[in-house]
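The values are calculated or read from the model by the stated rules, or taken from the named source; none is laboratory data. As the structure is a computational prediction, the values presented were derived from the model and not from experiment. All Cβ positions, glycine included, derive from the backbone under ideal geometry; neighbour counts span all protein chains shown. When the accessible area is computed, the model is the full protein with side chains, heavy atoms only, and any ligands, DNA or RNA have been set aside. Shrake-Rupley method; radii C 1.70, N 1.55, O 1.52, S 1.80 Å.
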Amino acid sequence: ARPLQTIQRRIDKLIEKQSGEAALRCPVGAENELGQMNFALQLLDETMEARLASDRSLREQERFGASILAALPQAVVAVDGDGVITLFSPGAEAMLGYSAEEMVGKQTPLIYHDFEEVRRRARELSEELGLAVEPGFQTFIAKAQATGLPDEHEWTYVRKDGSSLTVLLTVSVFSDTQGEPRYCGVSTDITRRSQVAAEMSRLAHLDPLTQLPNRRLLHDRIR
């Protein structure tokens, strides 16, 4: 009986690993070694089937999440606590011209930012928050860190081919399973909207015939 008892103890350990709980006691009527072995194998089979069903459900959820991410026109970029990119969505690939393979684990968001603009924003945030914000990755997360709320700001992005676009970037802070801080940025292309706003401002302040400043612009400058 000793080999059977040894095998049963191993099966009990497998059940505990699969389910996270100790194996159930053998029911009355299965007192002999073969009955106990049969019960243990049946329990292991049920436990593994439940684990497989859970894994299938998790994979289905992951596929569904990936499908939603692929359908978003916005650029979704997640980074770790050091600013290294951990997720670069299909929308980000289309918007910026970089592939996820080029970016994930290799680059930070600074690669597609205008660094002079980052410097200006760091100075603004240092005055607004009353703390020293270094120009770099800290510039993107400082306000979200300080307030605990998503931070929205307009930025100029530089694509891989050198062309630029205007985006509205929303940065959020969250924690991973180990409690380590992680950051996610969602960027919406507002280039066309910015162009329309600039044109509307021009039409509102300049005479359409002479292109000279009108009375509205005069009062604006006086104020």
| note | Pseudo-spin-label distance Ala50 to Asn214, built 7 Å along Cα→Cβ, given in nm, is 7.4
| task | Just grab the label-to-label distance for Arg10 and Glu124, each label 7 Å out from Cα along the Cβ direction, in nm (one decimal). | result | 6.6
| task | Rank these residues by their accessible area, most exposed first, probe 1.4 Å: Glu117, Glu60, Glu93. | result | Glu60, Glu93, Glu117
| request: Provide, for q = 0.15, 0.22 Å⁻¹, the log10 of I(q)/I(0) from a solvent-free Debye sum over equal Cα point scatterers in segment 107-180. | output: -0.54, -1.04
| field | 12 Å beta-carbon shell around Asp80, net charge (K/R +1, D/E -1) | value | -2
| query | Given the alpha-carbon gyration tensor of segment 137-183, what are the semi-axes of its equivalent ellipsoid in whole angstrom, ordered largest first, with each equal to the square root of 5 times an eigenvalue? | reply | 25, 13, 8
| field | Surface accessible to a 1.4 Å probe, per residue, for the residues of the chain, Å² | value | 66
| Which one of Pro135, Leu125, Gln18 is farthest out on the positive end of the charge dipole of segment 1-160, using unit charges on Cβ (Lys, Arg +1; Asp, Glu -1) and the Cα centre as origin? | Gln18
| field | segment 1-145, relative contact order in percent, only Cα pairs under 8 angstrom and at least six apart counted | value | 12
| task | For segment 62-110, state what percent of all Cα-Cα pairs lands in each successive 5 Å bin, counting from 0 Å until the bin that includes the largest distance. | result | 5, 24, 30, 25, 14, 3, 0
| field | Accessible surface of the chain [probe 1.4 Å, protein heavy atoms]: carbon and sulfur percent | value | 54
| Largest to smallest accessible area among Met37, Met200 [probe 1.4 Å] | Met200, Met37
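Rounded to a whole number, what is D in µm²/s for the chain from Stokes-Einstein with the Kirkwood radius over alpha-carbon pairs (10 °C, 1.306 mPa s)?
Answer from the Stokes-Einstein relation: 70 µm²/s.
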